[in-house]
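This report concerns only the one structure given below.
Values in this text are rule-based calculations from the coordinates and carry no lab data. The structure presented is a predicted model; accordingly, all values stated were derived computationally and were not measured. Don't worry about glycine lacking a Cβ; one is built from the backbone with ideal geometry, like all the others, and counts go over all protein chains shown.
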Amino acid sequence: MDLSDSPEDAEFRARLREWLGKVLPTLPPKPSPDDWPGRRAHDLGWQRTLYDAGYADVHWQASPAVRLIFLEETERAGAPYVGANFVGLLHAGPTIAAEGTPAQRARWLPPVLRGEEVWCQGFSEPDAGSDLAALRTRAWRDGDDYVVSGSKIWTSHAEVADWCELLVRTDPGAPKHRGITWLAMPMDAPGITVRPLRTLAGSAEFAEVFLDEVRVPVAHRVGEENDGWRVTMVTLSFERGTAFVGEVVACRRVLGELALEARRNGRWDDPALRRRLGALDAGFRALWRLTQWNVSEAEAAGGPPGIGGSVFKLRYSQARQELYDVAADVLGDDALDLDRPWVADRLSSLSYTIAAGTSQIQRNIVAERILGLPKGR
């Protein structure tokens, strides 16, 4: 398989790189981590800048190869991350583009691309984390609405979101994977309570969301009633397939910075540390090639990323934790100082074997759907 740029892709890469070099110096500074209204405005402003330059729809309309180039070049250039736009651009948006009706695509996709609306994710529940299909949030039909009651946890960006991609149980008598429905819920609907959660790293990008007889129009259902698990698999294929691509590039950059710091503070003299840095360099290069292979396969198949994303997610989660463990060794005693580079990132890396599907779940997917092993009992 040829993983090099085609002439068209190379031209896109050069044009994007030139544009980034011109626009990035003109951007305003990023707000403080706790200023979520400010961060929302900053992230939406960057999305609008992309929209005005013609780059806003690369996550949905461009080929997987072009999407990969975009993520690679923006991260290398130090461009703003998608931030509060994460769910809208990388989860809900691609799902609606793939599964939504023409009216739904016309209503929800343009505001995301123009940097006008933010989405959050309402999947996990207090009693249904890794076993997502065991969710209990209930929705029942009442005329042209669903009436929703229950709670969600780890809801990304709920405190600044306009919409929520929400999984609900519409048929409690069906097998657990078959009674789920995917809804788009307006976050200003009566009956919604948002309670921010503070993480180990001190940030508050997650929240608990409590739903007390919230009315969601049936017209906001994506896919058929009780077919939400299939739609969710489309969402998760994007989450695990391409959503972390830019972070691989960032990790390779951090690896280079760690090597420089180790040379500066004398820890480079430790051969064991040099071997660990070398192994990580090889590992992240391999992950990048795996990503290229995954998107090439998706492009050839004409669909969303496949189950190869689970292989990527499984290995990337571990590699990221290993990277920041090495960072702690490079920093020495300073690894306890939250004001030093990489310390907060080390704390957040602990969540990666849980977020977007735990490593245990990814191993089950690889075992059953790639290796063909029998399901556990």
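Here are a few things to note about the model shown:
- Residue among Asp333, Asp35, Asp345 with the largest mean-square fluctuation in a Gaussian network model of the chain, springs linking Cα atoms under 10 Å: Asp333
- Binned Cα-Cα distances of region 112-223, short to long, each 5 Å bin given as a whole percent: 2, 13, 22, 25, 19, 11, 5, 2, 0
- Rounded to the nearest 20 debye, the dipole size of the chain about its Cα centre is 760 debye, using +1 on the Cβ of Lys and Arg and -1 on the Cβ of Asp and Glu.
- Full extension of the segment from Arg138 to Glu368, taken as 0.36 nm per residue of separation minus the current Cα-Cα distance, would add 79.8 nm.
- Gained length - Ser149 relative to Asp171, 0.36 nm times residue gap less alpha-carbon distance: 6.5 nm
- In the chain, lysine pairs closer than 21 Å at Cα, eight or more apart or cross-chain: 4
- Here the simple spin-label model places points 7 Å from the Cα toward Cβ, and for Gln61 and Ala328 these points are separated by 4.6 nm.
- Per-selection metrics, region 13-53 (Cα): Rg and Dmax in Å: 11.9, 36
- Size descriptors for the chain (Cα atoms only): Rg and Dmax, in that order, 21.1, 71 Å.
- Cα-based Rg and Dmax for region 1-79, where Dmax is the largest Cα-Cα distance (Å): 14.1, 46
- Relative protection proxy for 118-128, 53-63, 39-49, 258-268, from highest mean packing down: 118-128, 39-49, 53-63, 258-268 (other beta-carbon atoms within 10 angstrom).
- Rounded to the nearest 20 debye, dipole of region 130-268 from Cβ charges on Lys, Arg, Asp, Glu: 800 debye
- Helix 308-331 vs. the chain, principal-axis angle (Cα, 0 to 90°, nearest 10): 50 degrees
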